[in-house]
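Asker: Mind looking over this structure? Questions follow.
The values are calculated or read from the model by the stated rules, or taken from the named source; none is laboratory data. Since this is a predicted model, take the numbers as computed values, not measurements. In this analysis, Cβ positions are derived from the backbone assuming ideal geometry, glycine residues included, and neighbour counts consider all displayed protein chains. For the accessible areas, the whole protein counts, side chains as well, though only heavy atoms, and no ligand, DNA or RNA atoms are used. Shrake-Rupley method; radii C 1.70, N 1.55, O 1.52, S 1.80 Å.
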Amino acid sequence: MFSNSLRLPSRLLSKLKVSRGLCSVPAPVFEDSGDFLRLSSNGVRVFDLLEDNDIPAVRRLYNMLLKQCTVSKRLTQGRIVHGHVVKSLFCYNLVMHNTLLNMYAKCGSLEEARKVFDQMPERDFVTWTTLISGYSQHGRPCDALLLFNQMLRHGFSPNEFTLSSVVKAAAAEPRGCCGHQLHGFCLKCGFDLNVHVGSSLLDLYTRYGLMDDAQLVFDALESRNDVSWNALIAGYARRCGTEKALELFQGMLREGFRPSHFSYSSLFGACSSTGFLEQGKWVHAYMIKSGEKLVAFAGNTLLDMYAKSGNIHDARKIFDRLTKRDVVSWNSLLTAYAQHGFGREAVCWFEEMRKTGILPNEISFLSVLTACSHSGLLDEGWHYFELMKKDGLVPKAWHYVTIVDLLGRAGAFDRALRFIREMPIEPTAAIWKALLNACRMHKNMELGAYAAERVFELDPDDPGPHVILYNIYASGGRWNDAARVRNKMKKSGVKKEPACSWVEIENAIHMFVANDECHPQREEIGRKWEEVYTKIKELGYVPDTSHVVVHVDQQEREVNLQHHSEKIALAFALLNTPPGSTIHIKKNIRVCGDCHSAIKLASKAVEREIIVRDTNRFHHFKDGSCSCRDYW
DNA sequence: ATAGGGTTAG
């Protein structure tokens, strides 16, 4: 009947190895027909082994098949093997059940894993560890910690495998706050110096902001590997410790460890969030030199880094060079175009993405919607909002915010209000902030005051809306109302965040605040701005004093305005960069309206391209106009 | 048989 079957003596079976590489794992072969079991792996068949009556070999084969399913995450095939294991009860043993449990856990089917666990006639510490790690790896830290508790109560001792999973779970569960206790427990068990346990411990400490504790764990490790280095680098990267992260990166290189996508991804993210573009470029150069391919994980962060530092063209280049693109790559590109106000490009690339067969997710839609609202593409934005629902995605609060923004910016206030009334969620502070901002653009005082009141109810501590309402009143000449807003701020203790701007020149970041009196180059900077000021006045610049939130007379207002941090930063950059080069300025809050008009004209007067990043977008100033077309 | 580190939006 099975004359074609290849009969292999069972001693050969021990030579079969499951490859751990993700792609090189062969799929188990299933020839399940009738009552006969012909499951095979690499040519060895269960049937043949059964004929040999070689039960240990059958067990080994089942284990191997399950392992293949686990590594290649083939849940469906794993279930079939499970069925066979159940049928041949005579070859049951604990190891095989642990393997089975692990197959379900690693494939992310934790309900099935739990069922296997609950029905197991006997369990050992590996059984518990397997399920704990399953929960820990699949975003269910609470279940992992709960199970760990039960494991201890049942009298099982955890090993280093258990503890690294448990610590990982604790790091993901901030309510737990059991970091130090767990560390003590690991120490008591004698596993605190193990690389795996130690790496997750130091990761936990960095997530709680306890950097010194993390460093201590790192220094005490009995051996280091790339993972422990990466955990520490990522920790500093997350907490804006870019210099320290870069220092660690060099330490890693000095000690001969090869950086991986984990290291690069963390470093690019760190450089991006703290504006260390030059250092980021250096790391990028190192990555190229070491022959590392540009794969999605590190590449996406790199793309984001260039985009966030204002270099949209470099960001695009990275996208083109990615060896493989995932949803995040596309989203990062869309986000980049959205933030730079390139609405048309974002829409084009969104369409391209759909054509390529990549399924847009919530973030893709959020990006394309943001792009539409920033560019005034009202119909397109509305179209994508509808499309999103048709695609079966449920819009979240931020999607609603973007639509309010879209309608509000376009001046469609009736539609915006109706939309807010009819949407299925309670309006959040962000919804009213979006409407308030639209009222500022269109100088709609009545609705602006109403929206501001709603914001004050929902988020009373944010100084931004107070300042916007002040500006709405001031620009309409209603100084009494403006003064009332200012007094309200004073009374409730809401402080306007001090504005600052900064520029990165040759590896150094130069920061400026308004009326900066202590900068070494302040006189030169002052003279430079005078020079620019004279030129832009000739081009028609009229100071707009409604942006000064202090109570002083007109003369003083005009003087004040010229000392805004973005103007000082621009003058400084003009002094310290080669003629004709692009100037990048960053700001911690929205660009002031007056500075926006001044910089527009300055870009023409000094013949420079000037890119300013504020809290929510980029402005590309060139030849007297801005990429936002004053639509911001 | 069981383990640790990384990305996009707001």
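Asker: Sort out which residues of the range A:194-216 are within 11 Å of DNA strand B (Cβ to nearest atom), outside any loop (DSSP other than H, G, I, E, B), open to solvent by 10 Å² or more (accessible area, probe 1.4 Å) and not hydroxyl-bearing (S, T, Y), and write them in order of number.
Answerer: A:V195, A:H196, A:D203, A:R207
Asker: If the Cβ limit is 7 Å and pairs must be 6+ apart or interchain, which residue in the range A:521-533 that is free of Cβ contacts under 8 Å to residues at least 60 places away in the same chain pairs with which residue that is open to solvent by 40 Å² or more (accessible area, probe 1.4 Å)?
Answerer: As it stands, the answer is A:Q521/A:L575; A:E524/A:L575; A:I525/A:L575; A:K528/A:L575, since those pairs meet every condition given.
Asker: When you scan the range A:280-341 for helices (runs of 4 or more DSSP H) that lie fully inside it, which ones turn up with 2 or more residues that are within 10 Å of DNA strand B (Cβ to nearest atom), on the phi < 0 side of the Ramachandran plot and of a type in the set (G, A, S)? Write out each step before concluding.
Answerer: Working: elements: A:296-308, A:312-321, A:327-339.
Fully inside the range A:280-341 and qualifying: A:296-308, A:327-339.
Asker: Can you list the helices (runs of 4 or more DSSP H) lying wholly within the range A:519-589 that have 1 or more residues being open to solvent by 20 Å² or more (accessible area, probe 1.4 Å), touching an Asp or Glu at 6+ places or on another chain (Cβ under 8 Å) and not basic (K, R)? Talk me through it step by step, then tell me what you get.
Answerer: Values: elements: A:522-538, A:554-561, A:565-576.
So the answer is A:565-576.
Asker: Just to be sure before I move on: is A:N507 open to solvent by 20 Å² or more (accessible area, probe 1.4 Å), touching a residue at least 40 places away in the same chain (Cβ under 8 Å), at positive phi and in contact with an Asp or Glu (Cβ under 7 Å, 6 or more places away or on another chain) in the structure I sent? Working first, answer last.
Answerer: Details: open to solvent by 20 Å² or more (accessible area, probe 1.4 Å): yes; touching a residue at least 40 places away in the same chain (Cβ under 8 Å): yes; at positive phi: yes; in contact with an Asp or Glu (Cβ under 7 Å, 6 or more places away or on another chain): yes.
Yes; evaluated as a whole, the condition is true for this residue.
The rows are residues; the columns are (1) of a type in the set (V, I, T); (2) surrounded by fewer than 23 Cβ atoms within 10 Å (Cβ to Cβ).
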{"residue": "A:Y92", "(1), (2)": "no, yes"}
{"residue": "A:V126", "(1), (2)": "yes, yes"}
{"residue": "A:Q137", "(1), (2)": "no, yes"}
{"residue": "A:M151", "(1), (2)": "no, yes"}
{"residue": "A:G155", "(1), (2)": "no, yes"}
{"residue": "A:N159", "(1), (2)": "no, yes"}
{"residue": "A:L163", "(1), (2)": "no, no"}
{"residue": "A:E173", "(1), (2)": "no, yes"}
{"residue": "A:G179", "(1), (2)": "no, yes"}
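Asker: Please go through the range A:404-419 and pick out each residue that is more than 15 Å from A:C439 (Cα to Cα) and within 16 Å of DNA strand B (Cβ to nearest atom).
Answerer: Going residue by residue through the range A:404-419, those that are more than 15 Å from A:C439 (Cα to Cα) are A:418-419.
Result: no residue meets the conditions.
Asker: Ok, one more. Kindly evaluate A:L187 against the criterion of being surrounded by fewer than 18 Cβ atoms within 10 Å (Cβ to Cβ) and either within 9 Å of DNA strand B (Cβ to nearest atom) or assigned to a helix (DSSP H, G or I) (or both).
Answerer: Values: surrounded by fewer than 18 Cβ atoms within 10 Å (Cβ to Cβ): yes; either within 9 Å of DNA strand B (Cβ to nearest atom) or assigned to a helix (DSSP H, G or I) (or both): yes.
Yes: the conditions hold for A:L187.
Asker: While we're here: Have a look at A:G241, A:G256 and point out the one that is surrounded by 16 or more Cβ atoms within 10 Å (Cβ to Cβ) and either at negative phi or more than 8 Å from DNA strand B (Cβ to nearest atom) (or both). Lay out the reasoning, then the answer.
Answerer: Working: A:G256 fails: surrounded by 16 or more Cβ atoms within 10 Å (Cβ to Cβ).
On inspection, the qualifying residue turns out to be A:G241.
Asker: Can you name the helices (runs of 4 or more DSSP H) wholly within the range A:368-473 that have at least 3 residues being crowded, with 24+ Cβ neighbours inside 10 Å and among the basic types (K, R)?
Answerer: On the way: elements: A:378-390, A:397-409, A:413-422, A:429-441, A:445-458.
Passing ranges: none, list empty.
Asker: Now a separate question. Of the numbered conditions (1) touching an Asp or Glu at 6+ places or on another chain (Cβ under 7 Å); (2) over 29 Å from A:F621 (Cβ atoms); (3) away from DNA strand B (no atom under 13 Å from the Cβ), A:L277 fails exactly one; give the number of that condition.
Answerer: Against the list (1) touching an Asp or Glu at 6+ places or on another chain (Cβ under 7 Å); (2) over 29 Å from A:F621 (Cβ atoms); (3) away from DNA strand B (no atom under 13 Å from the Cβ), A:L277 comes up short only on (2).
Asker: Taking the stated definitions as given, is A:L232 open to solvent by less than 60 Å² (accessible area, probe 1.4 Å), part of a helix (DSSP H, G or I), within 11 Å of DNA strand B (Cβ to nearest atom) and within 16 Å of A:A336 (Cβ to Cβ)?
Answerer: Numbers: open to solvent by less than 60 Å² (accessible area, probe 1.4 Å): yes; part of a helix (DSSP H, G or I): yes; within 11 Å of DNA strand B (Cβ to nearest atom): yes; within 16 Å of A:A336 (Cβ to Cβ): no.
Taking the combined requirement at face value, the residue does not satisfy it.
Asker: For the range A:90-147, enumerate the residues that are more than 10 Å from DNA strand B (Cβ to nearest atom) and part of a loop (DSSP other than H, G, I, E, B).
Answerer: A:Y92, A:C107, A:G108, A:S109, A:M120, A:P121, A:E122, A:G139, A:R140, listed by residue number.
Asker: Given the conditions (1) under 24 Å from the mean Cα position of the chain (by Cα); (2) at pLDDT below 95; (3) within 15 Å of DNA strand B (Cβ to nearest atom), which single one is not true for A:G357?
Answerer: For A:G357, the failing item is (3).
Asker: Okay, moving on. Of (1) surrounded by 16 or more Cβ atoms within 10 Å (Cβ to Cβ); (2) assigned to a helix (DSSP H, G or I); (3) hydrophobic (A, V, I, L, M, F, W, C), A:C348 satisfies all except one. Which?
Answerer: For A:C348, the failing item is (1).
Asker: Of all residues in the range A:360-394, which are within 12 Å of DNA strand B (Cβ to nearest atom) and either of a type in the set (K, R) or within 18 Å of A:I420 (Cα to Cα) (or both)?
Answerer: Scanning the range A:360-394 gives A:L366, A:L369, A:T370, A:S373.
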